[in-house]
Structures are given as C-alpha cells and as structure tokens.
Amino acid sequence: MRFPQLISAMFLVVWLSIAVNAETSAAPSASPTPSPSPTVSPARTESFFQMLMRIAGISATPRNQRNDNTRKAGQVWVAFLNNNTRARVRTADSGYRSPVFFPDGVSMLALQGTNVVKLTISDGTKQTLFEVKGIIKLVGFDKNDPDKVLILSDEDQDACPTVGLLSLSSGTVAPQPYGRLEGDQVLLSSLEGWNREYDDGNFAVDSLVQVKRSGTQETKWMDVILMEKNKPDKNVSLCEPRTCSQPSMSNDRKRVVYIKEDE
C-alpha cells in the first residue's frame with residue numbers, strides 16, 4: 001500500500017473511533033431506580049377512654065348510670081354559686097335540654113328537639129346552629145379543641161347510642177367507636193347519666209331524687225346537687241316540687257346550668 005493510501009486508512013479508522021465514542025457518550029444513562037420510601041407507621045389510634053378524658057366533666061372513675069331524665073325538656077336555669085342564687089335564662093320559649101357552657105362562659109349550647117342552639121346567658125338570645133338527627137344529649141366540650149363537643153345520638157332508635165364529636169364550625173359529627181368490653185360499656189353508661197366531675201374530682205354535679213313524705217303521701221322530684229371536696233353536698237336548684245336535672249358546670253366553677261322541667 002502506498003504511503004498516501006496508508007495515511008488515509010489510518011485517518012478513517014481514527015475518525016470512526018471518535019464518532020463511535022461520541023455517540024456512546026451522548027446516549028442518556030438509565031435513571032437509577034429510586035430507593036423505596038421508608039414505611040411510615042400510622043399514628044396510634046386513640047382509645048375510647050383516652051378520648052373521653054379530653055371532655056370536660058368526664059371522670060376517669062365513673063360512678064353514675066343512665067337515668068330517665070336524659071330526654072326531659074324544660075327551661076334553662078343557672079345557679080350562681082358565689083351568692084347562692086338562681087335564675088332562668090330568659091328565652092322566649094321552652095323545650096330545652098342538655099345545656100353545657102361554652103368555654104368562655106358567656107353563652108351555652110343546648111338542644112331543642114334535634115336542633116343544636118346557642119343561648120346567650122345575659123338575655124336569652126337564641127341562635128339555631130344546625131340539626132343533628134337522633135341527637136340525645138350534649139356531654140361536654142373537648143378541652144383541647146373548643147370547636148368540638150361530645151354528643152350522644154341514636155338515629156335508628158335501637159337503644160344503642162352513637163358517641164360522636166360534633167364540630168361547631170361545620171356541623172359534622174365524627175363517630176367515636178367504643179368496644180363491647182366491660183370498661184367501654186361502663187364509660188358509655190356513665191355518659192348516659194348526669195354525674196359530672198371537674199378538676200380531678202374537686203367539684204362534681206349530679207341530679208338526685210328527693211323524697212318528701214307527709215302521712216301516707218309521698219312526693220318525689222329531682223334536684224341538682226353540687227359536691228365540692230371537703231364540703232357538705234349542696235342543693236343548688238331547690239326545685240321542689242318540679243324536677244331539675246341535666247347539670248353542667250362553667251369553666252370558672254362559679255355557675256351550674258341545668259334544666260327545670262316544664263310544669
């Protein structure tokens with residue numbers, strides 16, 4: 001092979017080598033397989049007991065069972081503990097039940113039929129917030145979230161109530177499941193009753209049967225009783241002969257709201 005031809009052949013080989021290497025370098029490399037995300041364990045589900053301990057007035061050691069006054073309606077009254085007086089919240093109507101103080105103490109929630117209403121304590125102004133089908137009672141506010149109120153309802157009327165957290169901002173109810181174990185059933189029975197404890201048992205309120213006998217005649221009614229640690233129990237409603245029940249305390253522990261049954 002002549003010299004010029006040799007040079008041309010060598011040049012062709014070098015050019016092909018460069019072209020092949022360039023094409024190989026330009027080809028995109030495969031993306032690395034992403035590492036799997038670490039498995040995140042779901043948040044631990046709160047127990048029925050733990051949820052109830054967030055609700056104002058619920059005791060860790062329930063001692064009260066349901067009574068027949070859960071659904072009785074009447075007037076809303078407030079007992080003022082500082083001066084031992086009591087007064088009706090001046091609503092234009094009646095038929096209320098299951099009142100609870102708002103955390104600020106300026107107003108309260110109550111039920112009227114299946115409606116949840118807001119009442120202003122000072123003048124009795126009523127605002128109907130929404131309807132909750134089958135609602136039985138208001139239990140108390142969530143101490144960690146003032147938008148939530150624990151309720152009992154029984155829409156299908158099977159005597160097996162549903163426990164739920166009612167949002168006051170949306171009107172929705174988040175069910176709070178409970179089990180069939182004895183502990184959950186005792187707590188549920190306590191929710192259906194009216195004993196409420198506050199400040200680790202330093203204060204409690206309940207509605208108790210009173211009996212008065214005169215000869216062969218016997219009169220029965222219910223009154224609201226305040227139980228304060230290291231002090232005698234005190235009748236704060238003085239409702240004879242009408243029945244008063246469904247009590248709840250204000251956050252400052254200076255007032256008790258309750259229902260005085262219509263005549």
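Among the residues of the range 173-184, write down those that are over 14 Å from LEU152 (Cα atoms) and not in a loop (DSSP other than H, G, I, E, B). So that I can check it myself, show each step before the final result.
Of the range 173-184, the ones over 14 Å from LEU152 (Cα atoms) are 179-184.
Across the range 173-184, the qualifying residues are GLU182, GLY183, ASP184.
Suppose the filter is in contact with a helix residue (DSSP H, G or I) (Cβ under 7 Å, 6 or more places away or on another chain) and surrounded by fewer than 19 Cβ atoms within 10 Å (Cβ to Cβ); does GLN185 pass it? Steps first, please.
Numbers: in contact with a helix residue (DSSP H, G or I) (Cβ under 7 Å, 6 or more places away or on another chain): no; surrounded by fewer than 19 Cβ atoms within 10 Å (Cβ to Cβ): yes.
So GLN185 does not fit the description; no.
Taking the conditions exactly as written (in a strand (DSSP E or B) and crowded, with 19+ Cβ neighbours inside 10 Å), does LEU165 satisfy them or not? Even if it seems obvious, please write down each step before you answer.
On the way: in a strand (DSSP E or B): yes; crowded, with 19+ Cβ neighbours inside 10 Å: yes.
When the stated conditions are applied, LEU165 passes them.
Looking at (1) touching a Phe, Trp or Tyr at 6+ places or on another chain (Cβ under 9 Å); (2) touching a residue at least 12 places away in the same chain (Cβ under 8 Å), which is the only condition GLN185 fails?
With respect to (1) touching a Phe, Trp or Tyr at 6+ places or on another chain (Cβ under 9 Å); (2) touching a residue at least 12 places away in the same chain (Cβ under 8 Å), GLN185 is out only on (2).
Is it the case that VAL211 is within 14 Å of the chain's Cα centre (by Cα), modelled with pLDDT of 90 or more and either of a type outside the set (Ser, Thr, Tyr) or within 17 Å of ILE58 (Cα to Cα) (or both)?
No: the conditions fail for VAL211.
Among ALA204, ALA174, which is the only one that is under 24 Å from PHE130 (Cβ atoms) and either within 19 Å of the chain's Cα centre (by Cα) or surrounded by 15 or more Cβ atoms within 10 Å (Cβ to Cβ) (or both)? Quick ask: steps written out before the conclusion?
Details: ALA204 fails: under 24 Å from PHE130 (Cβ atoms).
The unique qualifying residue is ALA174.
Say we look at the range 116-143 and pick out the residues that are of a type in the set (Val, Ile, Thr) and without any contact (Cβ under 8 Å) to a residue 40 or more places away in the chain; which of these is surrounded by the fewest Cβ atoms within 10 Å (Cβ to Cβ)?
Just the residues of the range 116-143 that are of a type in the set (Val, Ile, Thr), to begin with: 116-117, 120-121, 125, 128, 132, 135-136, 139.
Narrowing further to those that are without any contact (Cβ under 8 Å) to a residue 40 or more places away in the chain: 117, 120, 125, 128, 135.
Numbers: VAL117: 19, THR120: 16, THR125: 14, THR128: 10, ILE135: 24.
That would be THR128.
For SER98, indicate whether it is modelled with pLDDT of 95 or more, hydroxyl-bearing (Ser, Thr, Tyr), closer than 20 Å to ASN251 by Cβ and within 20 Å of the chain's Cα centre (by Cα).
Numbers: modelled with pLDDT of 95 or more: yes; hydroxyl-bearing (Ser, Thr, Tyr): yes; closer than 20 Å to ASN251 by Cβ: yes; within 20 Å of the chain's Cα centre (by Cα): yes.
It is true that SER98 is modelled with pLDDT of 95 or more, hydroxyl-bearing (Ser, Thr, Tyr), closer than 20 Å to ASN251 by Cβ and within 20 Å of the chain's Cα centre (by Cα).
Quick check: is even one residue across the range 52-72 farther than 20 Å from ASP184 by Cα, out of contact with any helix residue (DSSP H, G or I) (no Cβ under 7 Å at 6 or more places or on another chain), surrounded by fewer than 14 Cβ atoms within 10 Å (Cβ to Cβ) and of a type in the set (Ser, Thr, Tyr)?
Initially, the range 52-72 is screened for residues farther than 20 Å from ASP184 by Cα, giving 68-69, 71-72.
Of the ones still in play, those that are also out of contact with any helix residue (DSSP H, G or I) (no Cβ under 7 Å at 6 or more places or on another chain) are 68-69, 71-72.
Keeping just the survivors that are surrounded by fewer than 14 Cβ atoms within 10 Å (Cβ to Cβ) gives 68, 71.
Within this subset, residues satisfying the condition of being of a type in the set (Ser, Thr, Tyr) are none.
Within the range 52-72, none of the residues are farther than 20 Å from ASP184 by Cα, out of contact with any helix residue (DSSP H, G or I) (no Cβ under 7 Å at 6 or more places or on another chain), surrounded by fewer than 14 Cβ atoms within 10 Å (Cβ to Cβ) and of a type in the set (Ser, Thr, Tyr).
Listed here are the residues, each with its yes/no results for (1) assigned to a strand (DSSP E or B); (2) out of contact with any Asp or Glu (no Cβ under 6 Å at 6 or more places or on another chain).
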{"residue": "LYS72", "(1), (2)": "no, no"}
{"residue": "VAL76", "(1), (2)": "yes, yes"}
{"residue": "ARG90", "(1), (2)": "no, yes"}
{"residue": "LEU109", "(1), (2)": "yes, yes"}
{"residue": "SER122", "(1), (2)": "no, yes"}
{"residue": "THR128", "(1), (2)": "yes, yes"}
{"residue": "GLU155", "(1), (2)": "no, yes"}
{"residue": "ASP158", "(1), (2)": "no, yes"}
{"residue": "GLY171", "(1), (2)": "no, yes"}
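When you check TRP194 against the structure, is it in contact with a strand residue (DSSP E or B) (Cβ under 8 Å, 6 or more places away or on another chain) and in a loop (DSSP other than H, G, I, E, B), yes or no?
Details: in contact with a strand residue (DSSP E or B) (Cβ under 8 Å, 6 or more places away or on another chain): yes; in a loop (DSSP other than H, G, I, E, B): yes.
Answer is yes for this residue.
Spot the failing condition for GLN210; the list is (1) touching a residue at least 60 places away in the same chain (Cβ under 8 Å); (2) surrounded by 15 or more Cβ atoms within 10 Å (Cβ to Cβ); (3) over 27 Å from LYS143 (Cα atoms), and only one is missed.
All conditions are met except number (1).
If you take the residues of the range 83-105 that are of a type in the set (A, V, I, L, M, F, W, C), touching a strand residue (DSSP E or B) at 6+ places or on another chain (Cβ under 7 Å) and over 29 Å from SER189 (Cβ atoms), which of them is surrounded by the most Cβ atoms within 10 Å (Cβ to Cβ)? Give the steps one after another, and end with the answer.
So the first thing to find is which residues in the range 83-105 are of a type in the set (A, V, I, L, M, F, W, C), and the list is 87, 89, 92, 100-102.
Keeping just the survivors that are touching a strand residue (DSSP E or B) at 6+ places or on another chain (Cβ under 7 Å) gives 87, 89, 100-102.
With over 29 Å from SER189 (Cβ atoms) added as a condition, the list becomes 87, 89.
Working: ALA87: 10, VAL89: 22.
Among them, the one singled out is VAL89.
Residues are listed down the side, and each one gets a yes or a no for (1) at pLDDT below 95; (2) of a type outside the set (Gly, Ala, Ser); (3) closer than 19 Å to THR85 by Cβ:
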residue	(1), (2), (3)
ASP158	yes, yes, no
SER167	no, no, no
ALA174	no, no, no
LEU187	yes, yes, no
VAL205	no, yes, yes
GLU228	no, yes, yes
ASN235	no, yes, yes
LEU238	no, yes, yes
SER250	no, no, yes
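The values are calculated or read from the model by the stated rules, or taken from the named source; none is laboratory data. All values derive from a computational prediction rather than experimental measurement. A quick note on method: Cβ atoms are made from the backbone with ideal geometry, for glycine too, and the neighbour counts reach across all protein chains shown.
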